[in-house]
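Taking it in order: structure first as structure tokens, then the write-up.
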Amino acid sequence: MKVALLYYVPNTHSVAIETLCSTINQTGNKLIVLTQAPRGVLHDYLDKLGVENHSKVYSSKISVINYIKHLFYLIKFCRIHRVDTIWSHLSTCNLVSVYAQLFLRRKRVVIFRHHFHKSIKTEGFKSANRNERIMTGIINRLAKEIVVPSLEVQNGMIEYEKVNANKISILPYIYDFSRYGIPDSQEVNKIRTQYSAKLLILTASRMIKMKRHSLLMPVYKRLVNDGLDIKVLLLDDGIERTALEQFVKDNNLQERIFFLGNRKNIIDYLAAADLIVHPSATEASSSLIKEAGLVNKPVIVCSGVGDFDEYIEHGKNGFLINENNEAEEFEKYIRFVY
């Protein structure tokens, strides 16, 4: 029996990660999950599966100290639990793992990469945060095996980040779609009533620069000024939220654009919406857009991002935005759907 450690950052609900854990748990090998976040709903689900899980949090104001502490903790943890393979997900875990492998020479360390910034293709590496660029460079150089969920990420890493192609394998996300359940009709009607409009638009992604919420704010302003009866629901949170809220306030859009934060019943909001608008320029393989497909809702996404080009048929199940004049294209297709 092999012992695999899934090393992960969040403690939140994720059907893709939960499906992965459930599937591995049925192989006869032992799975252990370790997060860098405190116990949360993910740990509760793992408890129900009977999967051993742990969390370790360090909160020094100096980030490098946190990384060093996580490094020594991971090395010790793997030795105590006799881990054979580490499956590391997300950059903060990946940076720790590539250094830990120097001390765990008999362990197999596999790095799972979940992003590639489309803007690097047109704007170069200056479009990415400096600290992120440094971290990514170290991980790419030291990692022996890297797993990505889509061809777009693989090609981007090879062509622009100059990663050795022999290091990279593609493993698409897997989903137990039954874990989403079905929308609650009463909750859906409640959302539709509360945010009544001819066209109800939903965006659900972290409010960070690369998700590009700010690209669409002037678009929504023009649509409202032209008399279109639209409302926009923005789910999730992030460092860009304050600036976005200020734009809404400055342009008197408080009755049209709503910041709802994190919501557990995402499937109800997707079912209530008429259109899912996703301007993100950084994806690997978006779970949100697949969830929108579960409730048969059209989407507007960017071509060349993640794996959208593999399953979005332009004009049939959604719209693909090209690189030039993106804001204008988003506006065109929102008007078309309206």
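Beta carbons closer than 9 Å, at least 6 apart along the sequence or on distinct chains, pair a first residue in segment 47-58 that is under 16 Å from ASN29 (Cβ atoms) with a second that is among the β-branched types (Val, Ile, Thr) and open to solvent by less than 60 Å² (accessible area, probe 1.4 Å) for VAL51/ILE24; VAL51/ILE32; VAL51/VAL33; GLU52/ILE32; GLU52/VAL33; ASN53/ILE32; ASN53/VAL33; ASN53/THR35. For segment 159-178, which positions are open to solvent by 60 Å² or more (accessible area, probe 1.4 Å) and β-branched (Val, Ile, Thr)? Across segment 159-178, the qualifying residues are ILE170, ILE174. Please go through (1) over 30 Å from ASP309 (Cβ atoms); (2) among the hydrophobic types (A, V, I, L, M, F, W, C); (3) in contact with a strand residue (DSSP E or B) (Cβ under 9 Å, 6 or more places away or on another chain) for CYS21 and return the number of the only condition it doesn't satisfy. Unmet for CYS21, out of (1) over 30 Å from ASP309 (Cβ atoms); (2) among the hydrophobic types (A, V, I, L, M, F, W, C); (3) in contact with a strand residue (DSSP E or B) (Cβ under 9 Å, 6 or more places away or on another chain): (1).
Does LYS290 meet the test of being modelled with pLDDT of 95 or more and either outside any loop (DSSP other than H, G, I, E, B) or within 19 Å of the chain's Cα centre (by Cα) (or both)? I'd like the intermediate steps shown before the answer.
On the way: modelled with pLDDT of 95 or more: no; either outside any loop (DSSP other than H, G, I, E, B) or within 19 Å of the chain's Cα centre (by Cα) (or both): yes.
For LYS290, the condition - modelled with pLDDT of 95 or more and either outside any loop (DSSP other than H, G, I, E, B) or within 19 Å of the chain's Cα centre (by Cα) (or both) - is not met.
Set side by side, the residues VAL83, VAL153 differ, and just one is open to solvent by less than 80 Å² (accessible area, probe 1.4 Å), out of contact with any helix residue (DSSP H, G or I) (no Cβ under 7 Å at 6 or more places or on another chain) and in a loop (DSSP other than H, G, I, E, B), which is VAL83. Of all residues in segment 179-201, those being over 30 Å from CYS21 (Cβ atoms), part of a loop (DSSP other than H, G, I, E, B) and open to solvent by 90 Å² or more (accessible area, probe 1.4 Å) number 1. Counting residues in segment 120-141 that are closer than 15 Å to SER91 by Cα, touching a Lys or Arg at 6+ places or on another chain (Cβ under 6 Å) and not in a helix (DSSP H, G or I) gives zero.
Kindly list, by first and then second residue, each pair from a residue in segment 196-212 that is of a type outside the set (A, V, I, L, M) to a residue that is at pLDDT below 95 and surrounded by fewer than 18 Cβ atoms within 10 Å (Cβ to Cβ), limited to pairs with Cβ atoms under 6 Å and residues at least 6 apart or on different chains. Short answer, once both residue conditions are applied: ARG206/GLY238. Go through the residues of segment 118-141 one by one and say whether even a single one is in contact with a strand residue (DSSP E or B) (Cβ under 7 Å, 6 or more places away or on another chain), among the charged types (D, E, K, R) and open to solvent by less than 40 Å² (accessible area, probe 1.4 Å). Checked against the condition, which is being in contact with a strand residue (DSSP E or B) (Cβ under 7 Å, 6 or more places away or on another chain), among the charged types (D, E, K, R) and open to solvent by less than 40 Å² (accessible area, probe 1.4 Å), segment 118-141 yields at least one hit. Of everything in segment 286-327 that is among the aromatic types (Phe, Trp, Tyr) and open to solvent by less than 50 Å² (accessible area, probe 1.4 Å), the residue that is farthest from HIS115 (Cα to Cα) is PHE319. Within segment 202-242, the set of residues being open to solvent by 40 Å² or more (accessible area, probe 1.4 Å) and in a helix (DSSP H, G or I) comprises LYS209, SER214, LEU215, PRO218, LYS221, ARG222, ASN225, ARG241, THR242.
Take LYS264 and decide whether it is in a loop (DSSP other than H, G, I, E, B), in contact with an Asp or Glu (Cβ under 9 Å, 6 or more places away or on another chain) and charged (D, E, K, R). Walk me through how you get there before you give the answer.
Numbers: in a loop (DSSP other than H, G, I, E, B): yes; in contact with an Asp or Glu (Cβ under 9 Å, 6 or more places away or on another chain): no; charged (D, E, K, R): yes.
No.
The values are calculated or read from the model by the stated rules, or taken from the named source; none is laboratory data. Nothing here was measured: the structure is a model prediction, and the numbers come from that model. When we count neighbours, we look across all protein chains shown, and the Cβ atoms used for this are built from the backbone with ideal geometry, even at glycine. The accessibility values were calculated without ligands, DNA or RNA, using every heavy atom of the protein model including side chains. Shrake-Rupley method; radii C 1.70, N 1.55, O 1.52, S 1.80 Å.
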